[in-house]
Amino acid sequence: QYIQGGVDDAASRKRHADKSAVGGHGPASGGLGNAEERSSRIHEGENINTDVTAPGSTLALGLMYMKTGNKSVASRLSLPDTMFLLDYVRSDFLLLRVISRSLILWDDVCPSRDWISDQIPFVVRSQYAQLGQWSQ
């Protein structure tokens, strides 16, 4: 269940709780262990921590389909097209999506300003253009 091994059973949780009560690093001690353990888990309760899993899976998908030109897989990596949806994706994940999509659609990559501009979501480009007009 966890990135750094171990079985999640009642005995291991009890040992961890006992260690914390004695002064070890854990939830009761308030030491660094609490934050480190929480951020190193993939499963946090019933949910999966996508902040941990998304970067690796995005790049893995790009590398698995590298230079295939598979548009259906590349479309799964498309960027959000509204500001509302854009607020829910971290900027570093957006960059990874563009990189992975470009690996898949390798033959479509072109070393030009137009290609780079096309990688920016339309809603962001239009807002940027309006910002430039307002500043003049």
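Numerical summary
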{"item": "Count of region 58-73 residues which are polar (S, T, N, Q) and under 13 Å from residue 108 (Cβ atoms)", "result": "2"}
{"item": "Positions within region 104-124 being open to solvent by 30 Å² or more (accessible area, probe 1.4 Å), under 20 Å from residue 68 (Cα atoms) and part of a helix (DSSP H, G or I), in sequence order", "result": "106, 107, 108, 115"}
{"item": "Set 85, 105, 94, 77: member being touching a Lys or Arg at 6+ places or on another chain (Cβ under 9 Å) and under 28 Å from residue 49 (Cα atoms)", "result": "77"}
{"item": "Flag for residue 68 being more than 17 Å from the chain's Cα centre (by Cα) and open to solvent by 60 Å² or more (accessible area, probe 1.4 Å)", "result": "yes"}
{"item": "Residue in region 71-92 that is in contact with a Phe, Trp or Tyr (Cβ under 7 Å, 6 or more places away or on another chain), surrounded by 15 or more Cβ atoms within 10 Å (Cβ to Cβ) and modelled with pLDDT of 95 or more present", "result": "yes"}
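A quick yes/no check of all residues on (1) aliphatic (A, V, I, L, M); (2) more than 22 Å from residue 124 (Cβ to Cβ); (3) part of a loop (DSSP other than H, G, I, E, B):
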{"site": "52", "(1), (2), (3)": "yes, yes, no"}
{"site": "59", "(1), (2), (3)": "yes, yes, no"}
{"site": "63", "(1), (2), (3)": "yes, yes, no"}
{"site": "81", "(1), (2), (3)": "no, no, yes"}
{"site": "85", "(1), (2), (3)": "yes, no, no"}
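To keep it simple, each residue is scored yes or no on (1) at pLDDT 95 or above; (2) of a type in the set (Gly, Ala, Ser); (3) more than 30 Å from residue 42 (Cβ to Cβ).
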site	(1), (2), (3)
61	yes, no, no
69	yes, yes, yes
95	yes, no, no
101	yes, no, no
109	yes, no, yes
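The values are calculated or read from the model by the stated rules, or taken from the named source; none is laboratory data. Keep in mind the model is a prediction, meaning the values are calculated, not measured. Note: ideal-geometry Cβ built from the backbone for every residue, glycine included; neighbour counts use all protein chains shown. Quick note on the areas: whole protein, heavy atoms, side chains included, nothing else; ligands and nucleic acids left out. Shrake-Rupley method; radii C 1.70, N 1.55, O 1.52, S 1.80 Å.
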